[in-house]
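Asker: Right, I'll just put the structure down here and ask away after.
The values are calculated or read from the model by the stated rules, or taken from the named source; none is laboratory data. Only a predicted model underlies this, so the values are computations on that prediction, with no experimental measurement involved. Cβ placement follows ideal geometry from the backbone for every residue including glycine, while neighbour counts extend to all protein chains displayed.
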Amino acid sequence: MNPPSSLPFWCVVPAAGVGSRMRADRPKQYLTLSGRTILEHTLARLLAQPGLQRVVVSLSPDDPYWPHVAQAADERVWTAPGGKERADSVLSALDRLVAAGVDEHAWVLVHDAARPNLAPEDLARLLATLADDPVGGLLAGPSRDTLKLIGPDGRVVQTLDRAAIWQAYTPQMFRLGLLRTALSDALAAGAQMTDEASAMERLGYSPRLVEGRTDNIKVTRPEDLEWLQRAWGDPL
Ligand code: CTP
Ligand code: MG
């Protein structure tokens with residue numbers, strides 16, 4: 001039984017990275033897709049979802065592009081100072097929510113600035129599926145390719161069972177208080193983590209995977225942006 005689609009939720013959008021693998025003249029979230037920046041598309045998708053309370057965008061302290069972002073003037077959009085790693089940037093945004101008095105049980109969705117192709121139906125399904133979940137979870141998709149475990153000599157050690165390995169996307173949806181504890185614990189312990197779910201896993205929680213579209217890609221390398229431009233019908 002699906003809850004109403006207007007489940008209240010908050011968003012955190014880490015956008016303080018430099019985008020080194022894109023090798024562009026600016027951080028990738030400020031590159032253009034169909035006439036708007038990637039970050040503008042990402043924010044527009046989140047702001048269009050019923051139930052959205054506030055979005056906190058983590059920004060590099062010396063970011064000169066943010067004031068030109070269309071949604072910078074939206075009263076539902078707040079900012080927080082980004083940090084050294086993605087997890088630092090996310091934690092800073094969570095601190096902003098706590099400082100504003102948001103309830104520790106509130107649902108927070110963390111979504112990469114560099115994922116502008118989030119389907120509205122996937123966002124709605126994530127919210128509906130996890131509304132009453134004791135832990136939370138994330139959008140994910142089964143791997144398309146055959147997966148190989150590689151050894152130090154660059155040769156195959158083993159072929160992995162593709163059906164049992166899923167790729168983690170964002171949004172990742174957890175309760176504010178627990179996620180904040182998980183991230184600060186992991187950072188204090190110097191643990192390696194590239195997403196929120198792994199911080200929760202460290203504490204013994206088992207996040208739920210909600211299948212989403214595989215075109216919810218994170219723009220990471222130049223060919224990713226070219227792929228999206230083609231998919232969106234941009235002249236190349
Ligand atoms: N991010 C962030 N703060 C950091 C590092 C990353 O807010 N210190 C954000 C990025 O802006 C991006 C998301 O986290 O929206 C995912 O990270 P990633 O794809 O690794 O982006 P970058 O770190 O910018 O890229 P790269 O690793 O190629 O330098
Ligand atoms: Mg990075």
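Asker: Pick from the stretch 124-140 the residues that are touching a strand residue (DSSP E or B) at 6+ places or on another chain (Cβ under 7 Å) and in a helix (DSSP H, G or I): which of them is nearest to ligand 2 (Cβ to nearest atom)?
Answerer: Filtering the stretch 124-140 down to residues touching a strand residue (DSSP E or B) at 6+ places or on another chain (Cβ under 7 Å) leaves 125-127, 129-130, 133, 135-140.
Checking which are in a helix (DSSP H, G or I) leaves us with 125-127, 129-130.
Working: Arg125: 27, Leu126: 23, Leu127: 27, Thr129: 28, Leu130: 26 Å.
Across the stretch 124-140, the extreme among qualifying residues is Leu126.
Asker: Across the stretch 201-236, what is the number of residues that are of a type in the set (A, V, I, L, M, F, W, C) and assigned to a strand (DSSP E or B)?
Answerer: Selection size over the stretch 201-236: 2.
Asker: Further question: Restricting to the stretch 170-200, what's the tally of residues that are of a type in the set (Val, Ile, Thr), closer than 30 Å to Trp227 by Cα and not in a loop (DSSP other than H, G, I, E, B)?
Answerer: Initially, the stretch 170-200 is screened for residues of a type in the set (Val, Ile, Thr), giving 170, 181, 194.
Remaining after also requiring closer than 30 Å to Trp227 by Cα: 170, 194.
When the remaining residues are screened for being not in a loop (DSSP other than H, G, I, E, B), the result is 170.
The qualifying residues number 1.
Asker: Does Gln167 satisfy the criteria of being assigned to a strand (DSSP E or B), polar (S, T, N, Q) and buried (at least 19 other Cβ atoms within 10 Å of the Cβ)? Walk me through it before giving the result.
Answerer: On the way: assigned to a strand (DSSP E or B): yes; polar (S, T, N, Q): yes; buried (at least 19 other Cβ atoms within 10 Å of the Cβ): no.
In short, no.
Asker: Anything in the stretch 141-161 that is polar (S, T, N, Q), surrounded by 10 or more Cβ atoms within 10 Å (Cβ to Cβ) and not in a strand (DSSP E or B)? List them, or say none.
Answerer: Our first condition is that a residue be polar (S, T, N, Q); within the stretch 141-161, this holds for 143, 146, 158-159.
Narrowing the set further to residues that are surrounded by 10 or more Cβ atoms within 10 Å (Cβ to Cβ) leaves 143, 158-159.
Once the filter is applied, which keeps residues that are polar (S, T, N, Q), surrounded by 10 or more Cβ atoms within 10 Å (Cβ to Cβ) and not in a strand (DSSP E or B), the stretch 141-161 yields only Ser143.
Asker: Run Ala186 past the list (1) farther than 24 Å from Leu94 by Cα; (2) modelled with pLDDT of 95 or more; (3) in contact with a Ser or Thr (Cβ under 8 Å, 6 or more places away or on another chain) and report the number of the one that doesn't hold.
Answerer: Status for Ala186: all satisfied but (1).
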